[in-house]
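To start, the structure itself, in structure tokens.
The values are calculated or read from the model by the stated rules, or taken from the named source; none is laboratory data. Not measured: the values here are computed from a predicted model. Reconstructed Cβ throughout: ideal geometry from the backbone, glycine too, with neighbour counts over all protein chains shown.
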Amino acid sequence: MSDFPTAPHPGNSVTAYLLDQLRRHPKRVVFTEGEDLRVIRAAARLVAEEVVVPILLGNKDRIRALAAKHDISLKFINIIDPPLASDFGLFCKRVENMARYRTMQIGDPAEIVARPHYFGALMVQYGQADAIVGGNQALPAAYFRALLHTIKPMPGVPKIFGVTILTGAHLKHLGGSGILFMADCGLIPNPDVSELAAIALETGKLARHFLGRKAFVAMLSHSTKGTANTPDARRMIAAAALAQAEALRQFLDISIEGEMQADVALDPAAAEIKLPAAEVRPTADVLVFPSLDAAHISLKLLQHVAGAQNYGQLILGLSRPAAQVPRTASVETIFGTAAAVAVEAIKFHQLYPDGDI
């Protein structure tokens, strides 16, 4: 079973923008689970579009045989089998040093570095790849653990979290530009006020980078502007206030509102009825959910019932660009997610040209 729609798109508003950016700034993306036909197809498409240099981790013979069986060109696709890589010994030493610095108890460094998730994360951390994509064959926890143990956290972000990008020309009110950013769809079960504020700010900055204009962020709730005085509604009110103050302090081109119901955030007609005294407000580009349950359920309904195309999730809160795709991901999802995280790498190199945060 694949994420809807199953057939690869020739292009849409998300991928068209991403590919245009990447043709001017191609990036290296490492795929931790390269022995997957979907990944091989996505990698070949990225090469054909001349936007990404793919690096597939896995057994070279199996990847080549799979590509040959399905008549897929591996031209300009790099394949690395971690235990046989020239940097394997160097990465083992770095894992030992990392464990000593963090006072972590680890097993055999060679056994850890041989795992593709860890090897790929080390490549990104030490500048041998610009971004990482994984999770298409593994449980999310295993992939996230490798990222957390290997890649430095981003200062100022309490916890890492996931952002999924949705698009669909047939859908109404899907963001102000036909693109919707949803967070957190995969990591923090019940974010507190500071975590929600960080999610709003970081996702707003991501949307601003992708959209090229001011981003509008909605802090979602079952309540709109005080219609319900519950603890959960008050938590979203406090998070919105904290995020608004921080956005002003950092001079960010982001508008953050909350608490509000989803229809008020996305449908101007609903907003006019429920907020009659308010000024006309634009459709939200970013939805920040009060819990992981609410976000994940909403995402799956939009995908599998409404037919929205998803990309990601992009993992924010790390000092290097990373993305996780579900085990049900289509070729289109993997392709677009790789393009999205590569565009994030463009921003990273602009902000941190020496590679250090």
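Would you check if there is a residue in region 302-310 being outside any helix (DSSP H, G or I), surrounded by fewer than 18 Cβ atoms within 10 Å (Cβ to Cβ) and in contact with a helix residue (DSSP H, G or I) (Cβ under 6 Å, 6 or more places away or on another chain)? No, because not a single residue in region 302-310 is outside any helix (DSSP H, G or I), surrounded by fewer than 18 Cβ atoms within 10 Å (Cβ to Cβ) and in contact with a helix residue (DSSP H, G or I) (Cβ under 6 Å, 6 or more places away or on another chain). Being surrounded by fewer than 16 Cβ atoms within 10 Å (Cβ to Cβ), under 23 Å from Ala345 (Cβ atoms) and basic (Lys, Arg) holds for only one residue in Lys159, Lys172, Lys93, Lys75, and it is Lys75.
Remark: pairs (first residue in region 178-199, closer than 15 Å to Gly156 by Cα; second residue modelled with pLDDT of 95 or more and of a type in the set (Phe, Trp, Tyr); Cβ separation under 6 Å; 6+ apart in sequence or on different chains) = Ile199/Phe161. What about Met236, is it surrounded by 16 or more Cβ atoms within 10 Å (Cβ to Cβ), in contact with a Ser or Thr (Cβ under 8 Å, 6 or more places away or on another chain) and touching a residue at least 12 places away in the same chain (Cβ under 8 Å)? The answer is yes for Met236.
Kindly indicate whether any position in region 257-264 is out of contact with any helix residue (DSSP H, G or I) (no Cβ under 9 Å at 6 or more places or on another chain), within 30 Å of Thr333 (Cβ to Cβ) and crowded, with 18+ Cβ neighbours inside 10 Å. No - not one qualifying residue is present in region 257-264. Looking only at residues of region 78-87 that are surrounded by fewer than 19 Cβ atoms within 10 Å (Cβ to Cβ) and at pLDDT 95 or above, we find that the one that is nearest to His25 (Cα to Cα) is Asn78. Taking region 63-72 as the range and being assigned to a loop (DSSP other than H, G, I, E, B) and loosely packed, with under 14 Cβ neighbours inside 10 Å as the test, the residues that pass are His70, Asp71.
State whether the residues of region 174-193 include one that is polar (S, T, N, Q) and touching a strand residue (DSSP E or B) at 6+ places or on another chain (Cβ under 6 Å). No: region 174-193 contains no residue that is polar (S, T, N, Q) and touching a strand residue (DSSP E or B) at 6+ places or on another chain (Cβ under 6 Å).
Results for (1) among the acidic types (Asp, Glu); (2) within 13 Å of Ser319 (Cα to Cα); (3) part of a helix (DSSP H, G or I), shown as yes or no for each residue.
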site	(1), (2), (3)
Val124	no, yes, yes
Gln128	no, no, no
Ala141	no, no, yes
Arg145	no, no, yes
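Is it the case that some residue within region 268-286 is within 14 Å of the chain's Cα centre (by Cα) and outside any helix (DSSP H, G or I)?
Scanning region 268-286, I find at least one residue that is within 14 Å of the chain's Cα centre (by Cα) and outside any helix (DSSP H, G or I), so the answer is yes.
Looking at region 323-333, is at least one residue surrounded by fewer than 24 Cβ atoms within 10 Å (Cβ to Cβ), assigned to a helix (DSSP H, G or I) and not small (Gly, Ala, Ser)? Yes, there is a match, as at least one residue in region 323-333 is surrounded by fewer than 24 Cβ atoms within 10 Å (Cβ to Cβ), assigned to a helix (DSSP H, G or I) and not small (Gly, Ala, Ser). From the set of residues in region 208-232 that are at pLDDT 95 or above and among the hydrophobic types (A, V, I, L, M, F, W, C), which is surrounded by the fewest Cβ atoms within 10 Å (Cβ to Cβ)? Applying the filter and picking the extreme gives Phe216.
The set of residues from region 23-62 being of a type in the set (A, V, I, L, M) and either surrounded by fewer than 16 Cβ atoms within 10 Å (Cβ to Cβ) or without any contact (Cβ under 8 Å) to a residue 12 or more places away in the chain (or both) comprises Leu37, Ala48.
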